[in-house]
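Student: Before anything else, here's the structure in question.
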Amino acid sequence: MRSEHRTQISAGVQQRARELRQEMTRAEKLLWERLRNRQLAGLKFRRQHPLGPFIADFYCAECRLVIEIDGDMHDFQKEQDEQRTRQFEEFGYRVIRFRNEEVESNIELVLKKIFEIYQLPSPRIGRRAGDEGKRGEGSNE
């Protein structure tokens, strides 16, 4: 059943994701207007989507793609951002990061880069976010 594969998300993370949807930056709003309603290659994107203990700015489940939009505060937390990216990748997600300025000044190039990443072969499927410490089950293939 589909629900067996869903990761439990804490109520705090869910609430924070709702708040972030209401407080989107200008760059996030601009990108969301171009990703929503399957406008890019028919892909369904979600905004401020919880993945385990994290909230991805944008997420496409079909291609396991996380898109992060970084503002000025990220200049002071590069190590944290790199760790977060590694953790997403460990769980089998592809991660692409853009600066606010990139999105605001050249949205078409940003969309082109997202499309190019989408076309790459899928990454190795890792553990699901939230499955830390759990034993993996065998493949059904």
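FYI, it's all coordinate maths here, none of it is from the lab. Source: prediction; values computed, not measured. Please note: Cβ atoms are built from the backbone with ideal geometry, for glycine as well, and neighbour counts cover all protein chains shown.
Student: Tell me the net charge near ARG26. Cut-off is 12 Å between Cβ atoms, ARG26 excluded, with +1 for each Lys or Arg and -1 for each Asp or Glu.
Tutor: Residues close to ARG26 contribute a combined charge of -4.
Student: Arrange ASP70, ASP81, ASP57 by Cβ neighbour counts within 10 Å, fewest through most, would you?
Tutor: Going from sparsest to densest Cβ surroundings: ASP81, ASP70, ASP57.
Student: Order by neighbour count: ARG86, ARG97, fewest other Cβ atoms within 10 Å first, most last.
Tutor: Values: ARG86 10, ARG97 16.
So the ranking, lowest neighbour count to highest, is ARG86, ARG97.
Student: About the Cα centre of segment 65-111, how large is the charge dipole given +1 on each Lys and Arg Cβ and -1 on each Asp and Glu Cβ? Please answer in debye to the nearest 20.
Tutor: Working: 6 positive and 13 negative charges, 47 e Å.
Taking the Cα centre of segment 65-111 as origin, the dipole is about 220 debye.
Student: Per residue of segment 21-36, what does 6.51 cos²θ - 1.76 cosθ + 1.60 with θ = phi - 60° give for ³J(HN,Hα)? Whole Hz please, x for Gly and Pro, Karplus curve as stated.
Tutor: These are the phi-based 3J(HN,Hα) values: 5, 7, 10, 5, 6, 4, 5, 5, 4, 4, 5, 4, 4, 9, 9, 5 Hz.
Student: Can you give me the long-range amide H partners of LEU51? Hydrogens built in the peptide plane at 1.01 Å from N, cutoff under 5 Å, separation of 5 or more residues or another chain.
Tutor: Those lying under 5 Å, H to H, from LEU51 are ALA56.
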